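Please treat every number below as a calculation from the coordinates, not as lab data. Bear in mind that the values here come from a model prediction, so they are computed numbers and not experimental data. Ideal geometry is used to build each Cβ from the backbone, glycine not excepted, and the neighbour counts take in all protein chains shown.
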Amino acid sequence: MGEENTVTNFLIAIPLAITIAFFSYQLKYLTLGGSISQFIIAVAIFGAGSIKWSIPILIFFFSSSIITRISYKENNLKNYLHQVSRNHFQVLANGGVSGLLAVIYFIHNNETIYYLFLASLSVVCSDTWSTEIGTLIKSN
């Protein structure tokens, strides 16, 4: 990747990450701390990995947020909007490895790291989805 592309990626990544963090906070998907953590991880992933890396993490984030919100609503949990807002610990637990892998990829430019990134997303996605969908299943 040329130096111009790298600079361009980061110039696009920063406003994109700000926008996503802002709306995620406004929609109560994330707490303020969660939004700040998400911004840092998003800049790393969008900037270092470009669109190829961005789409999988965005699909994970928005689909998981929606599934979590549905789960809390269906289970009639009090204060569900407060409870479904992910904090910085949850954001780092779910996105920290992905962000770190993006930085490693940026340094080493080894395509294998992208597959590790996808694997890490698969793990957090399966954990989040199984937990939230599992709460919707009523046992007899």
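Numerical summary
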{"quantity": "Calculated FRET value between VAL123 and LEU27, using beta carbons and R₀ = 22 Å, to 0.05", "calculated": "0.30"}
{"quantity": "Cα gyration tensor category, rounded, prolate or oblate, for the range 7-125 with a/c compared to 1.5", "calculated": "prolate"}
{"quantity": "Backbone HN-Hα couplings from phi across the range 56-72 [Karplus 6.51/-1.76/1.60, Hz, Gly and Pro as x]", "calculated": "x, 6, 5, 4, 4, 4, 6, 5, 5, 4, 5, 4, 4, 4, 4, 4, 5"}
{"quantity": "Helix-only mean residue ellipticity at 222 nm for the chain, each DSSP H run of n ≥ 4 adding -39500 (n - 2.57), per residue, nearest 500", "calculated": "-29000 deg cm²/dmol"}
